[in-house]
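The values are calculated or read from the model by the stated rules, or taken from the named source; none is laboratory data. It should be emphasised that the depicted structure is a prediction, and the values quoted were computed from it without experimental measurement. Positions of Cβ are backbone-derived with ideal geometry, glycine not excepted, and every protein chain shown enters the neighbour counts.
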Ligand code: NAD
C-alpha cells in the first residue's frame, strides 16, 4: 500500500526501510509533523502513519478522510494525540504499537534516576573543566529506598523489576493491580500513600482526562521533602508550573523528564540557533537538579525495529482485510 509517513527522521527511515524489505509497501516520507497545515500532503494516501506529536484532531482527520485515508497507523503506544471518536465517525481505523521493547523506556527511567542522584551532568562538566572537587555531588544509595511506580503496565512492570534488582522497596498504584508485579515484591497502595512514602516517584500511566496533571500542586505537596520525580510517560501527567514552584521551594528535590506538556512545539527538531520562547521550559533548564531529555526514552535499535515491524504488519493486515490486532477504538 502507499503510506504517507509523517514526522520521520533518519533513524525512523532506516528502520522502516529495513522492515519494509519484507512487506513491500510504498513508503513516502514527510519530515514535518502532521497537522492542519500539512494534512494535504496525505491526499491520495489510503494509509497515514503518525507519531507522538502529530495532531490528529477532528479537523485533520476530516481532511485525511476527504483525501482518501482509511487507516492511521500510529508508530507509538500512546494515542492521546488522536480524536478516536472523530476517526470512527469518519470511517478511519486506527492502529498503534502497543508494545515495543518496554526495556527501552524502563532503562531510560533508571538512567534518569541514576544521573540525577549521582549528579552526572554536573560531574562530567566539572571534570572536563579540570575541576575535580566533589562538593555538591553527594548522592544516596538506591538500595533500601522506597520508590513509587504509578502505572504498572508493560513498562511500569519492567521498571519494578529493575528497581527490585537495586534492592529498592517498591510501592505501586494502578487501577488494575497485577499479580506479576506483586510477585516481584512490589506492594500496591493508594496514590496518596505512595506519594507520602516514596523517595522517588516515577510515572508509567497513559495520559487520559483522568490522569491529566495527576501530579499537580496538591499531589506534589504530599511528597516527602526532597523527593525525586521522574516522568518518561507523557508531559500532561505533570503540572510543570507546579513542579517549578516545588523545585524553587526545595520541596521537590530533583526532577527528570523525557516528556513535557508543550513538547510538540520543541521536541524532535533542532532549535539550537533560535531564541527559546517557552518561558516555562526555559525556567526548567535553569535548575541544577533537573534533567530533561527530548522524548528519547524509546530510542533504542530494538524499539525502533519493533515499532517498524509492528506498524508495517498492521498495514499488511489492513491491506489483506485481516483482523487488526493492534486497533484502538474510542
Ligand atoms: P500500558 O497500557 O501497558 O500500561 C499503563 C498502565 O497504567 C496500565 O496498567 C493502566 O491500568 C495504568 N493506569 C491507567 N490509569 C492509571 C492511573 N490513574 N493511575 C495509575 N495507573 C494507571 O502502557 P505502557 O506500554 O506501560 O506505557 C506507559 C506509557 O508510557 C504510555 O502511555 C506512553 O504514554 C508512555 N511511553 C513513553 C515513551 C517515551 O519514549 N518516553 C515510549 C513509550 C511509551
key: Filtered residue count, region 183-206, keeping only those that are under 18 Å from residue 256 (Cβ atoms) and either within 14 Å of the ligand (Cβ to nearest atom) or part of a loop (DSSP other than H, G, I, E, B) (or both)   = 9
query = In this structure, does residue 72 turn out to be within 20 Å of residue 234 (Cβ to Cβ) and more than 16 Å from the ligand (Cβ to nearest atom)?
reply = yes
In region 281-330, the residues that are without any contact (Cβ under 8 Å) to a residue 60 or more places away in the chain, exposed (fewer than 14 other Cβ atoms within 10 Å of the Cβ) and closer than 28 Å to residue 240 by Cα = 282, 285, 286
request  = Return only the number of the condition from (1) within 13 Å of the ligand (Cβ to nearest atom); (2) touching a strand residue (DSSP E or B) at 6+ places or on another chain (Cβ under 8 Å); (3) over 19 Å from residue 148 (Cα atoms) that residue 285 does not satisfy.
outcome  = (1)
key: Matching option when the condition is in the same structural domain as residue 164 (by TED's automatic domain parsing), in contact (Cβ under 8 Å) with a residue 40 or more places away in the chain and in contact with a strand residue (DSSP E or B) (Cβ under 7 Å, 6 or more places away or on another chain), among 199, 234   = 199
Conditions (1) farther than 22 Å from residue 161 by Cβ; (2) surrounded by fewer than 21 Cβ atoms within 10 Å (Cβ to Cβ); (3) more than 16 Å from the ligand (Cβ to nearest atom); number of the one not met by residue 80 = (3)
ask   = Yes or no: residue 297 on the phi < 0 side of the Ramachandran plot and more than 13 Å from the ligand (Cβ to nearest atom)?
value = no
message = Taking the condition of being crowded, with 17+ Cβ neighbours inside 10 Å, over 20 Å from residue 219 (Cα atoms) and within 11 Å of the ligand (Cβ to nearest atom), how many residues in region 161-182 meet it?
response = 2
